[in-house]
Amino acid sequence: NADLATLALSTGTLAPAFSASTFVYDTTVATAVTAVQVTATIVDSGSTLTVNGIATASGVASSPVNLQPGNNLITVVVTAADLLTKRTYSVNVLRQADTSLSALSLSVGTLSPVFDPAAVTYTAQVGFLASVVRVIATASSTSSTITVNGLAVDSGVASQAIYLAEGSNPVDVVVKGVDGSVNTYTLSVTRQALGTFAQSVYAKSSNSDVGHKFGSAVAVWGNTVAISSVNEGSSAAEGAVYVFVRDVAGSWSQEAYIKASNPGSSDAFGTSIALWGDTLVVGAPGEDSSATGVDGIQGDNSAVNAGAAYV
């Protein structure tokens, strides 16, 4: 007699219910279940059994059987005492795929609420000038696939550009597991309407005067703005740069007034400016020193319009 008397898993319920004459079963376990043990009892004490080819004692839990996401086949083979009669009981264990995200963000704007893998609905607000957004979604499982608005993207890599109309823009991030299950994260990105896009600051230099040309060049980084006046100076067109900062309350104020280390007439200090973090670079194409390289002697004016840059 190679029949089983009982068959059960440490996690999951067999379908259909166990019967010695039924040889194929199915069960589903959660994503978090990475292994199961099989407990099988034989009818004939002279029989032996194996679970996935490994000998197992009757009525004793087998060694753990590791589960991959998706379908996992477990076979229980009973061999009768005559060594000829055999029964094979098969259990297909469907381990639900992990269709959650471990991270989700936007190239511009901040998600609300703060990302939580269990939360699937988010909103974000962006300014009128943010006409494009990209989604960066990271899957919890390396076997899952991701689409953003129907287009496939790699986990952890910025999506295609999503063009934003004024007002609300729906964005769907769909995570699909190897078992075919899907999980959809829904984002609503609201772009500021043109009608509400308004001037917030009117800025002037601290020493405005005729012909200074304040605003000749502008550079911005976060809450810092640098603005040049190429004609400012005690002699014509020395040039200057003014730095403004925005505080936590949203108020702007002038923080710095910057001149070249060797200001001269027609140097046009501030013709070009660049700002990156805490570094400001200012160009003066009319500077006349014959110095070369970095930090040379600046005192002569023997190379007319040689030009210089100041960091």
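The values are calculated or read from the model by the stated rules, or taken from the named source; none is laboratory data. Quick caveat, the model's predicted, so the values are computed rather than measured. Because the Cβ atoms are built from the backbone with ideal geometry, glycine has one as well, and the counts that use them run over all protein chains shown. What goes into the accessible areas is simple: the full protein's heavy atoms, side chains included, and nothing from ligands, DNA or RNA. Shrake-Rupley method; radii C 1.70, N 1.55, O 1.52, S 1.80 Å.
Here are some notes:
- Hey, Asp172 more than 27 Å from Val114 (Cα to Cα) and either assigned to a loop (DSSP other than H, G, I, E, B) or out of contact with any helix residue (DSSP H, G or I) (no Cβ under 8 Å at 6 or more places or on another chain) (or both) or not: no
- Among the residues of region 202-222, the ones that are polar (S, T, N, Q) and in contact with an Asp or Glu (Cβ under 8 Å, 6 or more places away or on another chain) come to 2 in all.
- Those residues of region 275-306 which are under 16 Å from Val241 (Cβ atoms) and surrounded by 15 or more Cβ atoms within 10 Å (Cβ to Cβ), in sequence order: Leu275, Leu280, Val282, Gly283, Ala284, Pro285, Gly286, Glu287
- Extreme residue, nearest to Ser302 (Cα to Cα), among residues of region 245-261 that are part of a loop (DSSP other than H, G, I, E, B) and open to solvent by 30 Å² or more (accessible area, probe 1.4 Å): Ser261
Every residue, every condition in (1) of a type in the set (A, V, I, L, M); (2) in contact (Cβ under 8 Å) with a residue 24 or more places away in the chain, yes or no:
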| site | (1), (2) |
| --- | --- |
| Asp3 | no, yes |
| Ala20 | yes, no |
| Val24 | yes, yes |
| Thr31 | no, yes |
| Ser45 | no, no |
| Thr75 | no, yes |
| Thr79 | no, yes |
| Leu83 | yes, no |
| Tyr89 | no, yes |
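- Residue ID - nearest to Ser105 (Cα to Cα), chosen from residues in region 117-170 that are in contact with a Gly (Cβ under 6 Å, 6 or more places away or on another chain) and of a type in the set (A, V, I, L, M, F, W, C): Ala124
- Filtered by the rule that a residue be aliphatic (A, V, I, L, M) and either in a strand (DSSP E or B) or surrounded by fewer than 18 Cβ atoms within 10 Å (Cβ to Cβ) (or both), region 209-244 gives Val210, Ala217, Val218, Ala219, Val220, Val225, Ala226, Ile227, Ala236, Ala240, Val241, Val243.
- Single match in Leu49, Leu67, Leu94 (criterion: touching a residue at least 40 places away in the same chain (Cβ under 8 Å) and under 29 Å from Ser141 (Cα atoms)): Leu94
- Taking every residue in region 152-173 that is within 19 Å of Val120 (Cβ to Cβ) and pairing it with any residue that is among the hydroxyl-bearing types (Ser, Thr, Tyr) and in a loop (DSSP other than H, G, I, E, B), at least 6 positions away or on another chain, the pairs with Cβ-Cβ distances below 7 Å are Val153/Ser159.
- Search result, residues across region 40-80 that are crowded, with 17+ Cβ neighbours inside 10 Å, among the polar types (S, T, N, Q) and assigned to a strand (DSSP E or B): Thr48, Thr56, Asn72, Thr79
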